[in-house]
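The structure appears right after this line, and notes come after that.
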Amino acid sequence: MSSLKDRNITLQKAESRPIRATKRRRQLHLFFFSLGPVALCSISVLLIALMAILYVSQVGQAVASNQKIQQMHAQQMQLQRQNQDLQNSIATEQSPEYIANQAKQQGLVPADANTVQMLVVPHLHRIAQPDENVQP
Amino acid sequence: MSTDLRRARKRQMIIFLLVCCGMVTLLARLYYWQILRGQQLARYASEEHLQNQVLNAPRGVIYDAHGHLLATNVVRDDVYVEPVQFATDHQYSENRESELALLIHMLHEVLPEVSEDKLYRIFNTNLQTYRIAGPISPQQSQQLHQLHVQDVFLEPHPVRIYPGGDLAAQVLGYVTFDGKGLYGIEGQYDALLAGKPGNFTAETDLNGNPLTVGVSSGQPALNGANLTLTVDSNVQYMVQEALADMVKRVQASSGTVIVMDAHSGAIVAMAGVPSFDPNRYWAYSDQMGCLGDESVYFNPALYCAYEPGSTMKAVTMAAALDQGLITPNTTLNDPGYINFHDGTPTVTNWSREAYGTETMTQVLEHSANVGAAYVAYNILGPQRYYPYLERFGFAQISQIAGPEATGSYRSNTSSGWTPSDLARQAFGQSILATPLQMALAYQTIANGGVMMRPYIVAVVNDNGRVMTTQPQVKQRVISAETARLLTDMLVSAANYNKQATFPGYSVAVKTGTATTQGLPIDQTEASMAGFVPASNPRFVILVKIDRPQTTIYGSTAAGPLWRSIAQQLMLYYNVPPDLPSSLESTN
């Protein structure tokens, strides 16, 4: 049986419980720190701002990279175009018609096949395979 | 239940029904936007920030036998103007007319082919864009870039270029502005050369440029295959020039030359006159080749079928020799004509010349129609003659490079055939053959009786997958012994006439002077076919000159050209002489 004094103490404890619970709700524990609502809001805003900055920075870098890639792509296309033009120039200057015209301009005349004699020397052997990379 | 309560219940019911109606309406609209029009709206949304590009596949290039470019691609610009944009930009400008005049003057300076009047007319239209020139040269593109003029822009696009100009034009064909290959190799191998276009889908930035770092997808373009031909540019040029010169010299209407490797069947050169420049193919649309019958774009060596005339006598002799019915020394009496007992019209020699008793070799030396008709009609007969025409490949196509005629002849199984056909086919009338078919007949004789399948594409490189064409035997047509005997007969014919012979080399040739029914006798198709050196053949050469005017015979119109080409080939390929040369004989 409990005494009257004990019952009063029990009642006081029961009355004080809601006040403590309210206090606990108002002081949330983030990691090791106890933060109030204002601090929590501030930190949240800061975090969101930080993330936004990071995102904008990433997007900026992506756009810059994209522009660089596009510039390089345009440069590649330009170089390809120049390469094709150069190949065409080489092919044109290697064409028999171009060579013949150049030869004529320099005063050369076509060889007369009737004046050429081909001699067959028997028992000749090739001494060595000429190196195609060595220009005479 | 009280009255108030009933009223309240009624109000609740009305509100409930209204809410239900609202919900149903919302659901209906949701169904409309999400289900019925959902896909369309999603596509519109995607189109706002997604771009789909078609990636053009570079067309494959074409090389000659030495790896020199015969056909390649370059990028050239088309020039466009924006008349409406110019009008908008200068709507409130007081100097509009003077600025327009300055712009037109600058454009005309760079593009003299576009007149100032035409430019004025274009700028006074209500067109958004108008193509005024293209493709323009790289120098013109550079000049226009440097002008920095507004309302003018350049649109680059790939252009097919042939660095050799008209070199082997009829072999190559050409490519139209929309990238379609026509005629020749370009037409025959169009699917292989064209490749497969790819695509690229990507998010775009505000300027519409694709964001390569964003979401993207696509398929790369598959490049067209590169082709290497058996044609030697140097020989091709030499042949083309010599043919053009001869056609001009004898005032002929057209001409054809084929140079073929005697053992492999590879085409070394194939030329036709008149020809065209594939870089400016549109300028030749009204020009005709092949005796004025066909467009100049067709390759006459494949498409221009003709009556081969006396060059056919070698085939007639081959059939009789191969069946052991004659030898080179078999004789006949040739009074200059031959009559037939069944009413077949009389066959005569050229100018009705009589040769008396002559051997089969002399029949070829004299190019006697009587002897050839005698062999076909009296010795061979249709049962033993026509199988040989089929084995020699007449009236059959080769499919080597573009459009090709089949040629034709009437055999004893055809309707309308008469014995007259047999007698005339023996010396090359009443039969249509392409120059390639005639060249193949002589290739068979040169190659010991074995016909090779002709080919002009040596290597196909399809994105690293290399396919090399190997020489392929088509069939044995005559025995090796027959080929040897016939070669000797053709050498005798060449030495007898001397139009094709030259020091140091033995040649085996037969001339042909074909007349066409319904045309005057001096309107001939002069030809010469044969091979060199006769002892170890390297090249088969066929020369055909159509309607020569200054001289009408195969020996005099085609012979000199045949000899010139043969002589050049021997020098170019360092072929050792097979006869004692004049220099050696003098020592």
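The values are calculated or read from the model by the stated rules, or taken from the named source; none is laboratory data. What you are looking at is a predicted structure, and each value in this text was computed from that prediction instead of being measured. Please note: Cβ atoms are built from the backbone with ideal geometry, for glycine as well, and neighbour counts cover all protein chains shown. Ligands, DNA and RNA are stripped out before the accessible areas are found, and what is left, the full protein with its side chains, is counted by its heavy atoms. Shrake-Rupley method; radii C 1.70, N 1.55, O 1.52, S 1.80 Å.
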Counted residues, the range B:306-315 - those being of a type in the set (Ser, Thr, Tyr) and either closer than 14 Å to B:Asn369 by Cβ or surrounded by fewer than 24 Cβ atoms within 10 Å (Cβ to Cβ) (or both): 2
B:Ala202 being in contact with a Ser or Thr (Cβ under 9 Å, 6 or more places away or on another chain) and closer than 20 Å to B:Ala168 by Cα: no
Matching entry among B:Asp166, B:Asp151 (being open to solvent by less than 30 Å² (accessible area, probe 1.4 Å), of a type in the set (D, E, K, R) and not assigned by TED's automatic domain parsing to the domain that holds B:Pro435): B:Asp151
Verdict on B:Glu481 being more than 14 Å from chain A (Cβ to nearest Cβ), in contact with a Leu (Cβ under 9 Å, 6 or more places away or on another chain) and open to solvent by 30 Å² or more (accessible area, probe 1.4 Å): yes
Candidates B:Gln567, B:Gln549, filtered to the one that is open to solvent by 10 Å² or more (accessible area, probe 1.4 Å), farther than 29 Å from B:Pro387 by Cα, in the same structural domain as B:Ala301 (by TED's automatic domain parsing) and in a helix (DSSP H, G or I): B:Gln567
Filter result (more than 44 Å from the chain's Cα centre (by Cα) and over 11 Å from B:Tyr374 (Cα atoms)) within the range B:332-352: B:Pro335, B:His341, B:Asp342, B:Gly343
Condition met for B:Ser414 (more than 30 Å from B:Glu186 (Cα to Cα), out of contact with any Pro (no Cβ under 6 Å at 6 or more places or on another chain) and open to solvent by 10 Å² or more (accessible area, probe 1.4 Å)): yes
B:Leu172 vs. criteria hydrophobic (A, V, I, L, M, F, W, C) and surrounded by fewer than 18 Cβ atoms within 10 Å (Cβ to Cβ): no
Matching residues in the range B:31-54 - criterion: being under 22 Å from B:Leu206 (Cα atoms) and not in a helix (DSSP H, G or I): B:Leu50, B:Gln51, B:Asn52, B:Gln53, B:Val54
Filter result (in contact with a Pro (Cβ under 7 Å, 6 or more places away or on another chain) and surrounded by 24 or more Cβ atoms within 10 Å (Cβ to Cβ)) within the range B:265-299: B:Gly265, B:Ile267, B:Gly272, B:Gly289
Pick from the range B:110-146, criterion of a type in the set (D, E, K, R) and free of Cβ contacts under 8 Å to residues at least 12 places away in the same chain, ranking: surrounded by the fewest Cβ atoms within 10 Å (Cβ to Cβ): B:Asp117
Residue in the range B:524-533 that is within 12 Å of another protein chain (Cβ to nearest Cβ), over 30 Å from B:Asn329 (Cα atoms) and in a loop (DSSP other than H, G, I, E, B) present: no
Pick from the range B:258-294, criterion among the hydrophobic types (A, V, I, L, M, F, W, C) and assigned to a loop (DSSP other than H, G, I, E, B), ranking: nearest to B:Gln475 (Cα to Cα): B:Ala262
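Could you check the range B:343-452 for helices (runs of 4 or more DSSP H) lying wholly inside it with 1 or more residues that are of a type in the set (Val, Ile, Thr) and touching a residue at least 40 places away in the same chain (Cβ under 8 Å)? If you could, list the steps in order and put the result at the bottom.
Values: elements: B:360-366, B:369-374, B:382-391, B:419-425, B:435-446.
Here the list reads B:360-366, B:435-446.
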Matching entry among B:Tyr377, B:Tyr337, B:Tyr442, B:Tyr355 (being assigned by TED's automatic domain parsing to the domain that holds B:Pro471 and within 30 Å of B:Asn299 (Cα to Cα)): B:Tyr442
Scan of the range B:316-360 for residues that are of a type in the set (S, T, N, Q) and open to solvent by 20 Å² or more (accessible area, probe 1.4 Å), ordered by number: B:Gln323, B:Thr327, B:Asn329, B:Thr330, B:Thr331, B:Asn333, B:Asn339, B:Thr346, B:Thr348, B:Ser351, B:Thr357, B:Thr359
Number of the exception - B:Gly504 against (1) open to solvent by 30 Å² or more (accessible area, probe 1.4 Å); (2) within 14 Å of another protein chain (Cβ to nearest Cβ): (1)
Given (1) over 30 Å from B:Val171 (Cβ atoms); (2) open to solvent by less than 100 Å² (accessible area, probe 1.4 Å); (3) assigned to a loop (DSSP other than H, G, I, E, B), index of the condition B:Gln91 fails: (2)
Residue in the range A:35-50 that is at pLDDT below 85 and not hydrophobic (A, V, I, L, M, F, W, C) present: yes
